[in-house]
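These notes are about the structure you will find just below.
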Amino acid sequence: MSAREQVLADVRAALARPWPAAHAAPGPAWPVTREAAPEDPVAAFRAKVEAVGASWHAARDRAEAAAIVDALPLGDGPVWVTLDDLPLTRRTVLRGAPPRDAFDTLAAAVTGVAAGIVETGSLALFYGPGRGRLSSLVVPVHVAVVERAQLVPTLDDFLLRVRGHLGPQSGAVLVTGPSRSADIEQVITVGVHGPKELHVVFID
Amino acid sequence: MSGHAPTSHRFRANAAEALANGNQVRVLRAATARSVAGRMQALSERPDWEALRVRAREVKREALSRLDHYLVEFEARVREQGGTVAWARDADEARRYIVDLARARGVRTAVKAKSMTSEEIGLNEAFEAAGVTPVETDLGEYIVQLAGETPSHIILPAIHKSRGDVSALFQRTLGTPPTEDVAELAGIARRVLRERFLRADMGVSGANFAVAETGTLVIVENEGNIRFSTGAPRVHVALVGIEKVIPRLADVATFLRLLPRSGTGQRITSYVNFLNGPRRAHEDDGPEELHVVLLDNGRSRILADPEARESLLCIRCGACLNVCPVYQRVGGHAYGWVYPGPLGAMITPQYLGLDRAPELPFASSLCGACKDACPVRIDIPRVLLHLRQTLREPEATRTRGLSAWAEKRAVALAAWTMTSPRRFAAAGRWLRRALRLLSFGGAPRVPGWSATRDFPAPARRSLREMLS
């Protein structure tokens, strides 16, 4: 019998015994209070984004967004951009996938998002052609350009959206704030493996 | 990590040693208090907290109730997307699969995301024996690995180490200058581990959830080491206990609302990974191969015990550890194996065998704090009681032998004494007299009890005597 057959057989045999009667009863019916949709989703999103230590910048269009990025105090190196139509002028722009030994030279990554989730202040990044896993991870600064139309209220909405994406593509990540750790004396320190800084440039 | 043989059989001795280390007790009390406060703060944001807990338990129960069906569905989805699924009946089979794969792919270094399951099967030792270097990448696990120790908490593995300890450790093993600055210490780890991530040939992770409907692995983290370990090397191995399977992607929302709040007091972790197979042909990066190893290793045996089955509902959040008055004082190493705290007391005897961890079901005052804190409402005290009953059953049902005879006689004597008010009062007088004599003027000394508690001093006159 293969391991697969054995494991499945063991599971089926185990499940032949029913749950104890006490467990089978449904749990207490606690009220599910639906959170009222926030009156101002942008303000709610901004509050959650800033609460986790990300920086918020407002822009009216792509051109203004590019100007904001140009003005950020970044290091000298090139900027890895995975977002189209962003007229950056100040910095060397790298597109596609730079070689790994160039990673340490990068000053920042500028990406778009697939969605912004108001409930948690999260950015959804869907992996795909031109939108790799490593671009927003290996850099010290991640700049995410978010448009109002991309905001969704809850995690449930995000999961509905990502469901169609997972399959054709290999995955997605929900990013909320910079990389952090509290492993040493529970003191929060940022930028442990991922970016130290996260900037959200919001185009309204 | 679990190349250190389990010491679960000597929990009481371990606990006594841990309590003697005053500094560690202080560090642990402070850390768990912070975690508890963080959790209370975070859950107060959700007025539907209890409804979430009920729903989460229902989802996990549903998943377990049709586990074979969901495992098969999960496997089909993963394979459709170009991933490989391997099944492992036990730790040995899982180790062999992963090590053989590493050999076949010429792996020299394997970066590891935090995975309790990989410690359960002793993967690091197996790697080392095969000439593969395992590198822990979670900051706490990395520290513990450098120190040659085992983690003492499933969420904060190095909770028992101060910044001074870490600085000294880095000085000794990495040759870096001493520093008391936590950000600098983290920066050292970031630099060193960055190199390892980018050069590693294999990444090993666990998974918080394995979604059957879509074949997705969901993994939460704060540092980014899991994004790195699963994204940079060309082979990704995910070692997943069979009880991690949940039915639908939509279910993940409920768990994402519960797990970070319960474990670290966060609204959500910095990163939540959704991994669906290896990289696609048109993608720029990602692993070329994804291998999911579905691990039984005793889980189907736990499933077969209806009274213990709910042990498998656990989502490994760590909340029960932080609220447990026992864990808060003795720490994780006392439990002697991979899983500490109430979780460890509940599952270690089931994985290793009751005979190898007979003290663990008793490592609890049954206060129920863990049950209140558990996001999936596992009745841990009830399972512990069940384990105690199972342990004591041979004794309890024994009808022959000296102790059975003595117990019968003692019960008969007590019954005879208590069925007469005169005899009861007389027995009381003699007992109080004897206790006063044995106290030598101080508090009565009762074997075992008096080592850690005072026994109340008997009154000169009983209430009965005062009232008559």
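The values are calculated or read from the model by the stated rules, or taken from the named source; none is laboratory data. This is a predicted model, so every value here is computed, not measured. Cβ placement follows ideal geometry from the backbone for every residue including glycine, while neighbour counts extend to all protein chains displayed. These accessible areas exclude ligands, DNA and RNA; they are computed on the full protein's heavy atoms, side chains included. Shrake-Rupley method; radii C 1.70, N 1.55, O 1.52, S 1.80 Å.
Observations
- One residue stands out among those in region B:367-384 that are in a helix (DSSP H, G or I) and out of contact with any Cys (no Cβ under 9 Å at 6 or more places or on another chain): the one that is surrounded by the most Cβ atoms within 10 Å (Cβ to Cβ), which is B:V383.
- Pair list, Cβ under 8 Å, 6 or more apart: region B:151-173 residue touching a residue at least 40 places away in the same chain (Cβ under 8 Å), other residue assigned to a helix (DSSP H, G or I) and open to solvent by 30 Å² or more (accessible area, probe 1.4 Å): B:S152/B:H333; B:I155/B:T264; B:I159/B:V27; B:H160/B:Q24; B:H160/B:V27; B:H160/B:H333; B:S162/B:V27
- B:G298 surrounded by 23 or more Cβ atoms within 10 Å (Cβ to Cβ), more than 30 Å from A:P98 (Cα to Cα) and within 17 Å of the chain's Cα centre (by Cα): no
- Pairing residues of region A:5-20 that are closer than 14 Å to B:L312 by Cβ and within 7 Å of chain B (Cβ to nearest Cβ) with residues that are open to solvent by 80 Å² or more (accessible area, probe 1.4 Å) and part of a helix (DSSP H, G or I), at Cβ distances under 8 Å and at least 6 apart in sequence or on separate chains, gives A:D10/B:R301; A:A14/B:R301.
- In region A:158-173 there is no residue matching the filter, namely being part of a strand (DSSP E or B), more than 7 Å from chain B (Cβ to nearest Cβ) and touching a residue at least 12 places away in the same chain (Cβ under 8 Å).
- Scope region A:137-149; condition open to solvent by 40 Å² or more (accessible area, probe 1.4 Å) and either facing another protein chain (nearest Cβ under 7 Å) or under 24 Å from A:D61 (Cβ atoms) (or both); matching residues: A:E147, A:R148, A:A149
- Counting only residues that are part of a helix (DSSP H, G or I), surrounded by 14 or more Cβ atoms within 10 Å (Cβ to Cβ) and within 14 Å of chain B (Cβ to nearest Cβ), region A:64-102 holds 2 of them.
- Hits in region B:222-253 - residues which are more than 22 Å from the chain's Cα centre (by Cα), more than 28 Å from B:D201 (Cβ to Cβ) and facing chain A (nearest Cβ under 7 Å): B:L249, B:A250, B:A253
- Residues of region A:103-157 satisfying the condition of being without any contact (Cβ under 8 Å) to a residue 60 or more places away in the chain, of a type outside the set (D, E) and in a helix (DSSP H, G or I): A:F103, A:T105, A:A149, A:Q150, A:L155
- A:R180 passes every criterion in (1) open to solvent by less than 10 Å² (accessible area, probe 1.4 Å); (2) facing chain B (nearest Cβ under 10 Å); (3) under 23 Å from B:A189 (Cα atoms) apart from (1).
- Residue that is surrounded by the fewest Cβ atoms within 10 Å (Cβ to Cβ), among those in region B:385-414 that are charged (D, E, K, R) and farther than 15 Å from B:P361 by Cβ: B:R400
- Scanning region B:181-200 for residues that are touching a residue at least 60 places away in the same chain (Cβ under 8 Å), more than 9 Å from chain A (Cβ to nearest Cβ) and in contact with a helix residue (DSSP H, G or I) (Cβ under 8 Å, 6 or more places away or on another chain) yields a count of 1.
- From B:A373, B:A319, residue being farther than 22 Å from B:A16 by Cβ, hydrophobic (A, V, I, L, M, F, W, C) and over 13 Å from the mean Cα position of the chain (by Cα): B:A373
- Top-ranked residue in region B:159-195 [being acidic (D, E) and surrounded by 15 or more Cβ atoms within 10 Å (Cβ to Cβ); ranked as farthest from the chain's Cα centre (by Cα)]: B:E184
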